[in-house]
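Enquirer: My questions will all concern the structure given below.
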Amino acid sequence: MSLAAAAHGHAHHDDHNHGHGHLKLEYQPALPLLNGKLILWLFLSTEIMFFAALIGTYIVLRFGAFVWPRPHEVHLSEPIGAFNTFVLICSSVTIVVSLEMAKRNREGAAKFWLFVTLALGSVFLGVKAYEYNAKFAHGIYPALPHSQIYEKPDIYYASAVRTRLAEIKAPLIVKGNDVTDAEKEHMLICDLLLRSPADGPLPGTPAALTPLTGKLFEVNNADANTAQLQAIANEIMPHPDEHPVAIPEGTVPPEETASHGEHPKGLNDEYPWLRLPIMIPGGNMWASTYFLLTGFHAMHVLVGLIFFVFILFMRIGAANAGVIENIGLYWHFVDLVWIFLFPLLYLF
Amino acid sequence: MDHAAHSPTPHGTQHGSAHHDDHAGIGKYLAVFGALCVLTGASFWTYADWPVRWPFHDQPAVGWAFMMAVSCTKALLVVLFFMHVKYEASWKYVLTVPPVFMSIFLVLALVPDIGLRNREAFGGRVPSPERLANMAMPAAPHADDAHADHADH
């Protein structure tokens, strides 16, 4: 029985008691929806503003920035983002199917589709965790002290690279002759990187390491100019080729551009223990907004998953299908936010 | 459309009745799902260049407008059909229109002062790495002069 009908009955009752008769007011004590759903919609309207503030901030920061990193510079993968979008859309369908089954009093089917939704939400979070890990592995964090992003190839960047190399070498120097073979190689690589290219590799350097000689030589040089430091940043973490601006009709694009700016390997990829500071213009603001937006969204996904688990242990039927309707509304909203985040973060 | 068989009320006559959800059947959900997938593909096309090349790589604003239009369409589909808003009574406007307006105007209000704050600085161009590197310092008329000055200290 709906609330509207209940309200109707209530109004008749009042009429009968007072018997004024002139004004036939149809008194409706509440909106024609269940309280739980009303509260959930109120919550969602605050959520709209919450995410609008975050997304709005992102938009104005991104378009107000002098430079903003291209997705590949910050190791974003568009196909992974598209896959996650697809996963969330699927989960939106499975939760409405679950609601439909609950309304038809088919508890088993309702729970099955709810479980599928839970699984899809977990896949989304798993992919997100994988993506976060890829960022962290490249020294991209939202803030210091972990962030290794420098915005421009200046003396501060050069100094940070020197400091990092000194940090690697200091404990090895203290150890003296007790170093392991691996540590000996680390030491040799650090020395080769900073060695003047004119002096050539150190005597006894394995041929495989010879090309490293002098790769970071300029960071030792106080007169190193912006272009030289830019070249060093490119050795550490090369910036990928992006979309070629225009390929004339009928020409075959060269190999590198065909792979859509695949990240070429730099020193940090070749020797992960180096973890040298990287140079991404606009990278810090990008990291702050990316982790804030996706982090809050992931938290919402997580909350949804927790509720799914609780509901799986409840009795579900036509009588309380409203529970699934409400969590479904929340879940669709989370999907909706991602619908905007995906193009804004991955494709813009 | 199996739901039509057991839907006693004709479309549009009920107002907040218990039958309002019967409008949305599983067939309709799957149709919306298909539309959402196609629209996601449309956004992804601007990146993937498949099956044909996205023609506006040199005009990013076209892509942005296109993607936002696609996203708004997707959001509308989700809200109307999955969240059943299409079949709700008028209370839906009370709860959805004000926050949506607030959201839009929040962004618009930030655009002139913050969003466009750097637009004029470089005549709409991206500054060179050299210019960026020296951004905190007063602009020197000749790059060589600034460099010599720097080395003295």
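Taken together, the values in this text are just the output of simple stated rules run on the coordinates, not laboratory data. This is a predicted model, so every value here is computed, not measured. Every residue, glycine as well, gets a Cβ built from its backbone with ideal geometry; the counts of neighbours run over all protein chains shown.
Enquirer: Identify all residues within segment B:44-75 that are of a type in the set (A, V, I, L, M) and either surrounded by fewer than 14 Cβ atoms within 10 Å (Cβ to Cβ) or over 14 Å from residue A:335 (Cβ atoms) (or both); write none if there are none. Before you say what the answer is, go through the steps one by one.
Expert: Here is the first cut: in segment B:44-75, the ones of a type in the set (A, V, I, L, M) are B:48, B:52, B:61-62, B:65, B:67-70, B:75.
Once the filter is applied, which keeps residues that are of a type in the set (A, V, I, L, M) and either surrounded by fewer than 14 Cβ atoms within 10 Å (Cβ to Cβ) or over 14 Å from residue A:335 (Cβ atoms) (or both), segment B:44-75 yields B:48, B:52, B:61, B:62, B:65, B:67, B:68, B:69, B:70.
Enquirer: Okay, moving on. If I go through segment A:103-134 residue by residue, how many of them are acidic (Asp, Glu) and more than 27 Å from the chain's Cα centre (by Cα)? Walk me through it before giving the result.
Expert: Here is the first cut: in segment A:103-134, the residues acidic (Asp, Glu) are A:107, A:131.
Still in the list and also more than 27 Å from the chain's Cα centre (by Cα): A:107.
Within segment A:103-134, residues that are acidic (Asp, Glu) and more than 27 Å from the chain's Cα centre (by Cα) number 1.
Enquirer: Every residue in segment A:201-225 that is in contact with a Lys or Arg (Cβ under 8 Å, 6 or more places away or on another chain) and buried (at least 19 other Cβ atoms within 10 Å of the Cβ), please.
Expert: Step one: of segment A:201-225, the residues in contact with a Lys or Arg (Cβ under 8 Å, 6 or more places away or on another chain) are A:201-202, A:213-214, A:217, A:219-220.
Listed by number, the residues that qualify are A:201, A:213, A:217, A:219.
Enquirer: Among the hydrophobic types (A, V, I, L, M, F, W, C), surrounded by 16 or more Cβ atoms within 10 Å (Cβ to Cβ) and without any contact (Cβ under 8 Å) to a residue 12 or more places away in the chain: which single residue out of A:161, A:174, A:179 fits that description?
Expert: From the options A:161, A:174, A:179, the qualifying one is A:179.
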